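See structure below.
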Amino acid sequence: MDKIVINGGRKLKGKVKISGAKNSALPILFASLLTDEPCIITNVPNLADINTTIAFLNFIGKKAQLNKDTVKILPFKNYNHIAPYDLVRKMRASVLVMGPLLARLKKVDVSLPGGCAIGARPIDIHLEAFKKLGVKIKVSGGYVKMSAPNGLIGAKINFRFPSVGATENIMLAAVLAKGKTIISNAAKEPEIEDLANCLNSMGAKISGAGTKTITITGVETLKGTRHKVIPDRIEAATYLIAAAITKGDICLESVCPKHIKIIIEKLKKAGLSIKEEKDKIYVKWVKDLKPQNISTDVYPKFPTDVQAQWTALMAVTNGKSGVKENVFENRFMHIPELKRFGADLAINGRTVNIKGVKELSGAPVMVSDLRAGAALVLASLAANGESIIARIYHLDRGYEFLEKKFKQLGADIKRIK
Ligand code: UD1
């Protein structure tokens, strides 16, 4: 299995282009199942999860292909209504096949996604909402078997928690339902707005995406589209923190600063110099940083997907700080690994108490999940000496051209077989 080797201690300098958002591209690619016309999706990152999704679309009955940053999806054959374990186990976002297939075929059987390294991650919110749209559900043989014999019927849905995936799944179903669907307590993440914009360009009638109430008026059919995916805000935040942790000076290109307002504010408060332009961010270390507490929450609050990277930064920031995880119940797998670099961290319930140390020293470490992996890369870039990071297939799920981008910024980083 591949590993990443980093010799830390170098200040990062230069420019880095931020890729398209994985978490936007995934539901948008699944949206192509809603039409029989061609769809062209651009600014798609070349990542393992994207390739899994493309394989999924081909399995369902499309002809989909990624070429550079563009995915072309063409109609091919009648749809298959079964999403098998082999595809679903690779990527939890596979459950997003439910919405489009229920809308098109009135039935879908999806293998249960099972547990996950960052908590139980059930799909009860998705299923409860589908029931409201007229879907009958039973679980047998490890599959959720769903059918809507009378078609999908618009309904009022109130989420107990603003789940990103459930908001997307219901939007993907309700666009072709009979009548109006109103989702209250919907997720407000930028990826939801991007999906709504894409669906509207296909002829859907969605309003309110990006707010907590989304209204969807069902239409008969949808047409093809050409859509550009928004920049990846989590990748952007990771590179901002990379500049901070290596005392660097870098420019992020093709980025959307307003999507990471909270991260920019926190980094500025910590003492970093940050200048924003329309689609660029200049970030420069100018003085020792001051510790900042964070608490993860739904958008526009501090994203859980940046919690691990922030913890790595605070681990080398002089003073005490706290990081509280409110979104997932078990997202601290990176803590024992960060301690291997010499970080002083203690988990207390949903909080990590951090005492910043002067320096970290390189160590062999292991990645448990995507963002934990990003935190280990950041710690390795800051640490003295060599670090060897194992199980990097998690990183390949979410960071496009990771070594290439960091190398371009002056890091001593390589992948070994
Ligand atoms: C998406 C993102 C992921 C991010 C997360 C939270 C994608 C592909 N992934 O994941 O990177 O970390 O949003 O911003 O976009 N929950 C339930 N029942 C459900 C659904 C969710 O209890 O039916 C819980 C989860 O266990 C978790 C919380 O709700 O504790 C948030 O989950 P959700 O917003 O659904 O995250 P995902 O869509 O899975």
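The values are calculated or read from the model by the stated rules, or taken from the named source; none is laboratory data. Predicted model, so just to flag it, every value in this text is computed and none were measured. Neighbour counts run over all protein chains shown; Cβ positions are idealised from the backbone, glycine included. Remember, those area values only see protein heavy atoms, side chains included, never the ligands or the DNA or RNA. Shrake-Rupley method; radii C 1.70, N 1.55, O 1.52, S 1.80 Å.
With respect to LEU127, is the statement that it is within 13 Å of the ligand (Cβ to nearest atom) and open to solvent by 40 Å² or more (accessible area, probe 1.4 Å) true?
Values: within 13 Å of the ligand (Cβ to nearest atom): yes; open to solvent by 40 Å² or more (accessible area, probe 1.4 Å): no.
No; evaluated as a whole, the condition is false for this residue.
Taking the condition surrounded by fewer than 22 Cβ atoms within 10 Å (Cβ to Cβ) and more than 16 Å from the ligand (Cβ to nearest atom), does GLY203 pass? So GLY203 passes the test. Evaluating ILE28 against the criteria (1) in contact with a Cys (Cβ under 9 Å, 6 or more places away or on another chain); (2) among the β-branched types (Val, Ile, Thr); (3) more than 13 Å from the ligand (Cβ to nearest atom) leaves one unmet condition, (3).
Restricting segment 281-328 to residues that are basic (Lys, Arg) and within 21 Å of LYS358 (Cα to Cα), the residue that is surrounded by the fewest Cβ atoms within 10 Å (Cβ to Cβ) is LYS287. When LYS278, LYS258 are checked against the criterion of being within 21 Å of the chain's Cα centre (by Cα), away from the ligand (no atom under 16 Å from the Cβ) and either crowded, with 20+ Cβ neighbours inside 10 Å or farther than 18 Å from ASN353 by Cα (or both), LYS258 stands alone in meeting it.
Taking the condition aliphatic (A, V, I, L, M), closer than 20 Å to THR238 by Cα and either assigned to a loop (DSSP other than H, G, I, E, B) or open to solvent by 30 Å² or more (accessible area, probe 1.4 Å) (or both), does ILE388 pass? For ILE388, the condition - aliphatic (A, V, I, L, M), closer than 20 Å to THR238 by Cα and either assigned to a loop (DSSP other than H, G, I, E, B) or open to solvent by 30 Å² or more (accessible area, probe 1.4 Å) (or both) - is met. Per the conditions (1) away from the ligand (no atom under 16 Å from the Cβ); (2) part of a loop (DSSP other than H, G, I, E, B); (3) not polar (S, T, N, Q), the sole criterion not satisfied by VAL298 is (1). Among (1) in a strand (DSSP E or B); (2) under 22 Å from SER184 (Cβ atoms), where does VAL144 come up short? That leaves (2) as the condition not met.
One residue stands out in segment 397-414 among those that are farther than 17 Å from ALA383 by Cβ and aromatic (Phe, Trp, Tyr): the one that is most open to solvent (accessible area, probe 1.4 Å), namely PHE401.
Of all residues in segment 150-178, which are away from the ligand (no atom under 16 Å from the Cβ), assigned to a loop (DSSP other than H, G, I, E, B) and either in contact (Cβ under 8 Å) with a residue 60 or more places away in the chain or more than 30 Å from ILE230 (Cβ to Cβ) (or both)? First the steps, then the outcome.
Step one: filter segment 150-178 for residues away from the ligand (no atom under 16 Å from the Cβ), giving 150-156, 174-178.
Now drop any that are not assigned to a loop (DSSP other than H, G, I, E, B), which leaves 150-152, 154-155, 175-177.
Hits for segment 150-178 are ASN150, GLY151, LEU152, GLY154, VAL175, LEU176, ALA177.
When segment 136-149 is limited to residues that are farther than 15 Å from HIS81 by Cα and open to solvent by less than 70 Å² (accessible area, probe 1.4 Å), the one that is nearest to the ligand (Cβ to nearest atom) turns out to be GLY142.
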